[in-house]
Amino acid sequence: MSVTDSAIEAIKQMIVAGELRPGDRLPREADLADRLGLSRNSLREAVRALALIHVLDVRQGDGTYVTSLEPALLMDAMGFVVDFHRDDTVLQFLEVRRILEPAATAMAARSMSQADIAELGTLLDSLGDNPTVEELVTNDLEFHHRIAAGTGNQVLCSFVDSVSGRTQRARTWRGITQDAAVARTLSEHRAIQQALAQRQPDVARSWATVHIAGVEEWLRETLVRRD
């Protein structure tokens, strides 16, 4: 383990142990470096690395603070990394979606408020009869976000948002190139919304699985044809 990695681990352990809590200010650089037995340069590198993944917030002239450590904030850092994915790794994101989103949809069927479920219908209505692919994909992202938020589980919602957003390009590509993709997506969204409204977790889970598997199957076949 490098000296910088050791410094990162030491700060992490201070947070995990509760010695540093969300919003707390870190000790002065010289004091913390001395306490951890590190050079100030190594400590600065560690702080810089933890700031990049939103664990620390460096405020010029004020000091360094632990962030809120909210799941959505920390998942932003993962999003930055996965933005460098290649087309073939999009399949892996879709596989993760196929695990997470059906489970989230089933949970939402039990916990999402009736008013929020009705708003899903309004969201779908807002597209009209002939939406563009770009309008559909934007609506699609919001649709799945609201369902994930409806679980009441912030961590799950953050994971779904992060993974779902990374398949946006594939969904747009499918909408442009595959016949009836737009109509199929709208129909599946309606089926999911109706299952939620009727409080049918198993049906909601099944429709969500079918919905995501359709994109996954199309992309897999497309990549095979390209090769």
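Any idea which of (1) at pLDDT 80 or above; (2) farther than 16 Å from Glu9 by Cα; (3) in a helix (DSSP H, G or I) is the one Met75 doesn't satisfy?
(1)
Can you tell me which of (1) of a type outside the set (S, T, N, Q); (2) under 21 Å from Leu196 (Cα atoms); (3) more than 16 Å from the chain's Cα centre (by Cα) is the one Asp161 doesn't meet?
All conditions are met except number (3).
Table: residues versus (1) modelled with pLDDT of 90 or more; (2) surrounded by fewer than 18 Cβ atoms within 10 Å (Cβ to Cβ); (3) not in a helix (DSSP H, G or I).
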site: Asn130; (1), (2), (3): no, yes, yes
site: Thr138; (1), (2), (3): no, yes, no
site: Ala148; (1), (2), (3): yes, no, no
site: Val155; (1), (2), (3): no, yes, no
site: Val160; (1), (2), (3): no, no, no
site: Arg174; (1), (2), (3): no, no, no
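Check Glu101 against each of (1) modelled with pLDDT of 95 or more; (2) surrounded by 20 or more Cβ atoms within 10 Å (Cβ to Cβ); (3) in a helix (DSSP H, G or I) and name the one condition it does not meet.
Glu101 satisfies every listed condition except (1).
Pairs under 9 Å by beta carbon, first residue under 15 Å from Arg190 (Cα atoms) in region 118-142, partner small (Gly, Ala, Ser) and open to solvent by 80 Å² or more (accessible area, probe 1.4 Å), six or more apart or different chains?
Sorted first by the residue in region 118-142, then by its partner, the pairs are Asn139/Ser126.
The values are calculated or read from the model by the stated rules, or taken from the named source; none is laboratory data. Quick caveat: nothing in here was measured; it's all calculated off a predicted structure. Here Cβ is always computed from backbone atoms with ideal geometry, including for glycine, and neighbour counts include all displayed protein chains. The area values use the complete protein model at the heavy-atom level, side chains included, leaving out ligands, DNA and RNA. Shrake-Rupley method; radii C 1.70, N 1.55, O 1.52, S 1.80 Å.
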